[in-house]
């Protein structure tokens, strides 16, 4: 498991190198840190990007020569620290998720999206920190290193310890947004990064199976310039379990009660090189999103999955389309 380099005095969550820049990432707070570093004999300042939704702050700076350690100057104080480096997934389609005690369902989620052409998964293990506010899994323990062992060994999963609160009162969902922006910068050379939770299943329609094929056709049909797109935005359907049917294994995928498309719950496959900051359902800084029509693709949000007394609403809409991938 990868360990972030935390500098608690300044509430910094990680310091890492992405092949071009040194990145310092932290949740939003009112008193910004003045941040610079030694680059050879020179002292250079970091560029600071602040989320307008007051969720995340990213400091970034290109460097001449990479070294595994750096001397930072934070508010005038010199701090010598190591620098993380994560795997590179150049031109790959990956997915990123923060996970709190989801061992019973995470393998199914990975296997589903592997089937759709996702190559790698960045899993941020948040099981060691409950903020006392957020919805959370009914599971009481987690061992993702064991649960995901085969995927970690073959390089499919990059597991990162993320011992930070999902929400803080001053600025909201900072743990998750900072996780997402950590992925935007750490895996900047990837083609797309999908930001979806473990209870959310991408569901291509018509003849499509591979996400990349669908996106390529979308680009060609609409004559899109991918250098001017920040993300592909997908619509959401909420799925409910009012009759409390079995959810074990893959049983939950045979629960078809759902809402119509839910406004405001859209999720994204971002193009990381084209954005600076992301905020769960929207791009905070970067090129605009392109929304794909739900006749092509959307995602199923199994709102009840691994939650207690959530997602029990009755509905008169039924959607069986996910079954085409499982021969239900």
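The values are calculated or read from the model by the stated rules, or taken from the named source; none is laboratory data. Predicted model, so just to flag it, every value in this text is computed and none were measured. Ideal geometry is used to build each Cβ from the backbone, glycine not excepted, and the neighbour counts take in all protein chains shown.
Residues of the stretch 88-100 that are part of a loop (DSSP other than H, G, I, E, B) and crowded, with 23+ Cβ neighbours inside 10 Å: 100 alone.
Looking across 219, 198, 209, 152, one residue alone is assigned to a loop (DSSP other than H, G, I, E, B) and either more than 14 Å from the chain's Cα centre (by Cα) or loosely packed, with under 15 Cβ neighbours inside 10 Å (or both). It is 209. Among the residues of the stretch 15-24, count how many are under 19 Å from residue 77 (Cβ atoms) and either under 19 Å from the mean Cα position of the chain (by Cα) or in the same structural domain as residue 174 (by TED's automatic domain parsing) (or both). Residues that pass the stated criteria total 2.
Taken over the stretch 289-309, the criterion of being surrounded by fewer than 14 Cβ atoms within 10 Å (Cβ to Cβ) and either within 25 Å of the chain's Cα centre (by Cα) or part of a strand (DSSP E or B) (or both) is satisfied by 291, 293, 295, 308. There is at least one residue in the stretch 232-245 that is touching a helix residue (DSSP H, G or I) at 6+ places or on another chain (Cβ under 8 Å) and within 20 Å of residue 180 (Cα to Cα).
Across the stretch 250-264, the number of residues qualifying as modelled with pLDDT of 95 or more and either part of a helix (DSSP H, G or I) or surrounded by 15 or more Cβ atoms within 10 Å (Cβ to Cβ) (or both) comes to 8.
Looking only at the stretch 222-235, residues that are under 23 Å from the mean Cα position of the chain (by Cα) and over 19 Å from residue 299 (Cβ atoms) come to 3 in all. Is one or more of the residues making up the stretch 226-242 without any contact (Cβ under 8 Å) to a residue 24 or more places away in the chain and either surrounded by fewer than 20 Cβ atoms within 10 Å (Cβ to Cβ) or not assigned by TED's automatic domain parsing to the domain that holds residue 196 (or both)? Among the residues of the stretch 226-242, not one is without any contact (Cβ under 8 Å) to a residue 24 or more places away in the chain and either surrounded by fewer than 20 Cβ atoms within 10 Å (Cβ to Cβ) or not assigned by TED's automatic domain parsing to the domain that holds residue 196 (or both), which makes the answer no.
For every residue, the table says whether it meets (1) within 26 Å of residue 279 (Cβ to Cβ); (2) at pLDDT below 95; (3) in a strand (DSSP E or B).
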position	(1), (2), (3)
22	yes, no, yes
25	yes, no, yes
31	yes, yes, no
44	no, yes, yes
66	no, yes, no
80	no, no, yes
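Checked against the criterion of being surrounded by 20 or more Cβ atoms within 10 Å (Cβ to Cβ), at pLDDT 95 or above and under 14 Å from the mean Cα position of the chain (by Cα), the stretch 127-144 contains not a single residue that satisfies it.
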